1. Take the residues in region 283-300 that are more than 20 Å from Cys365 (Cα to Cα) and in contact with a Ser or Thr (Cβ under 6 Å, 6 or more places away or on another chain); name whichever of them is surrounded by the fewest Cβ atoms within 10 Å (Cβ to Cβ).
2. So, in region 477-501, how many residues would count as being open to solvent by 60 Å² or more (accessible area, probe 1.4 Å) and in contact (Cβ under 8 Å) with a residue 24 or more places away in the chain?
3. Only one of Asn419, Asn400 is under 28 Å from the mean Cα position of the chain (by Cα) and within 16 Å of the ligand (Cβ to nearest atom); which?
4. Kindly list the number of the only condition in (1) closer than 25 Å to Leu318 by Cβ; (2) open to solvent by less than 50 Å² (accessible area, probe 1.4 Å); (3) not small (Gly, Ala, Ser) that fails for Glu104.
5. Any chance you could count how many residues in region 131-170 are of a type in the set (Gly, Ala, Ser) and in contact with a strand residue (DSSP E or B) (Cβ under 8 Å, 6 or more places away or on another chain)?
6. Could you pull out every one of the helices (runs of 4 or more DSSP H) wholly within region 47-155 that has 1 or more residues that are out of contact with any Ser or Thr (no Cβ under 6 Å at 6 or more places or on another chain) and modelled with pLDDT under 95?
7. Could you pull out the residue among Lys214, Lys167 that is part of a loop (DSSP other than H, G, I, E, B) and open to solvent by less than 10 Å² (accessible area, probe 1.4 Å)?
8. I need the full set of residues from region 368-377 which are out of contact with any Lys or Arg (no Cβ under 6 Å at 6 or more places or on another chain) and near the ligand (Cβ under 10 Å from one of its atoms), in order please.
Amino acid sequence: MTPERKPGEGEPEPLHPELLAQHDPEAILRDGQRVDHAEGTSNPPRPEPQPRGARIRGSRPVDHAEASQRFLAAPMHAKIHDERLWDLRQKRDGEMHGVPEWEELRALASAIKEHTLTHLDEYLLQFEANATANGAHVHWARDGAEHNRIVHSILADHGARSLIKSKSMLAEECGMPHYMASVGIEVVETDLGERIQQLDNEDPSHTVVPSVHKLRTDVAEVFAKTIGTDPKDSDIHHLAEAWREAARPLILAAEAGMTGCNFAVAETGGITVVTNEGNADLSANVPKLHIASIGIEKLIPRLEDLAVFIRLLARSALGMPMSQYTSHFRGPREGGEMHFVLVDNGRTERLGMTEFWTSLKCIRCAACMNTCPVYRRSGGLSYGATYSGPIGLIIDPAFNARKYSSLPFASTLNGSCTNVCPVKINIHEQIYAWRRVMVAQHEVPFVKKVAMKAAGELLSRPAAYRAAIAAADTALAHLPRFVLYNGLNAWGKGRETPEPPKQTFHSWYKANRGGTQ
Ligand code: SF4
């Protein structure tokens, strides 16, 4: 680990002093802080503690609602989280409108993925043969535990005790960070957001922007505790510079590097990794040993297919025409070694699930998360799982239906996720299908089950429904407030009940059109 440094003592000269606000005549300052950057507005006037995620208790069901409630109880965090992600959604829309053939690209991407998934055995073998011919070592991992053992044995063969790593959701899914800590391997995340999360002992809360739920004052606090910066200095340029200074020696000293993989091309045996910080290139090229973890669903048949996905990915993820780095790795560098670990971990089982197999088309762009009103207002950590947001709702229960039984209900089913998905996954329909599975498997709380049954009965009897609505409108207008807003009414905790309308649509229709509906 980096040696501790007292705030203000022995500060190294920054590599790029021209980026600091006091050297920039254009910078807008408030209370000594730079505010002319998008993140500048995230400095709260009165810092509030960062809300933490869902409480995990083995395989017991994750209580998403409880964790969301705690997230919403931190209004500054909740507001900024919502705004940042909505900003990404709007930028994505802007980019989408700039590509006239957007819908054709989506259809093509979906078709390529469906074709690959239905011929996965052939493409995996083709990839293995070509990668081996290129000089890479190919390993097969049945599950997360096997993945971790393989990575550890490769490191052990090389006597490596330290590993620099660029962002990989698959490594998180396999529980690799905890496993490596248990066998004494130091893992250093090189993606800035991921490193912030690692230093704070938290999982990533978002697939693309892992610490998006944090304010910069939270980051200042984490860095002050771990790399010795000034806890009161939350200038993002200072923070980024401090991490850069702390990271470089770790990267240069690392004995092995690990990357994830966005796309694995069967016809070439190469992989493509897309980042914005260039950290995958450092992880793959600085140490002589490069290990890449690859989910078997990442396969695409041909190099020319890559263009379709590259055009969709950055636009959908961050509303950018291109990511900063699109890096292709095909064989080991001179004197080095390259290992590809192909991981199943439940994917072939999911491939056999009629209603859920197309979730394997996902390219982890996170567009569905950015647009989801529930995700934006509850934060990724409230899902208590590696994958959060709408895609998490359909992937996580496939890993553990009981533990993640509450997640398919964390959706309004508005379909916005399906509309933005670049590979046309019918996300909201799969969420609904999981609800049916949960009910069939009795994984729904008793109170919800009774309430849903009663609602079903009511909705199937129009006369009773109208009478109930009329009674509810009268009751809402006259009942004392404490009857509606008490501990039993979870719905009322974050919301005000709207004014009941003076007239229902049914009575208006009857009065104005005179017929029956
Ligand atoms: S489900 Fe679609 S929108 Fe969501 S992360 Fe995957 S590819 Fe992106």
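1. So the first thing to find is which residues in region 283-300 are more than 20 Å from Cys365 (Cα to Cα), and the list is 283-291.
So of that shortlist, the ones also in contact with a Ser or Thr (Cβ under 6 Å, 6 or more places away or on another chain) come out as 283-284.
Values: Ser283: 31, Ala284: 25.
If we take residues in region 283-300 being more than 20 Å from Cys365 (Cα to Cα) and in contact with a Ser or Thr (Cβ under 6 Å, 6 or more places away or on another chain), then Ala284 is surrounded by the fewest Cβ atoms within 10 Å (Cβ to Cβ).
2. Total satisfying the criteria: 4.
3. Details: Asn400 fails: within 16 Å of the ligand (Cβ to nearest atom).
None of the others qualify; the one that does is Asn419.
4. (2)
5. Here is the first cut: in region 131-170, the residues of a type in the set (Gly, Ala, Ser) are 131, 133, 135-136, 141, 144-145, 153, 156, 159-160, 162, 166, 168.
Now narrow it down to the ones that are in contact with a strand residue (DSSP E or B) (Cβ under 8 Å, 6 or more places away or on another chain): 131, 135-136, 141, 144, 160, 162, 166, 168.
Residues flagged as of a type in the set (Gly, Ala, Ser) and in contact with a strand residue (DSSP E or B) (Cβ under 8 Å, 6 or more places away or on another chain) within region 131-170 amount to 9.
6. Of the helices (runs of 4 or more DSSP H) lying wholly inside region 47-155, those with at least 1 residues that are out of contact with any Ser or Thr (no Cβ under 6 Å at 6 or more places or on another chain) and modelled with pLDDT under 95 span 64-72, 75-97.
7. On the way: Lys167 fails: open to solvent by less than 10 Å² (accessible area, probe 1.4 Å).
Every option except Lys214 fails the conditions.
8. So in region 368-377, the residues out of contact with any Lys or Arg (no Cβ under 6 Å at 6 or more places or on another chain) come out as 368-369, 372-377.
If the condition is that a residue be out of contact with any Lys or Arg (no Cβ under 6 Å at 6 or more places or on another chain) and near the ligand (Cβ under 10 Å from one of its atoms), then Cys368, Met369, Cys372 are the ones that fit.
The values are calculated or read from the model by the stated rules, or taken from the named source; none is laboratory data. Computed from a predicted structure; not experimentally measured. Glycine gets a Cβ as well: all are built from the backbone with ideal geometry, and neighbour counts include every protein chain shown. The protein model used for the area step is the full one, side chains on, heavy atoms only, and it has no ligands, DNA or RNA in it. Shrake-Rupley method; radii C 1.70, N 1.55, O 1.52, S 1.80 Å.
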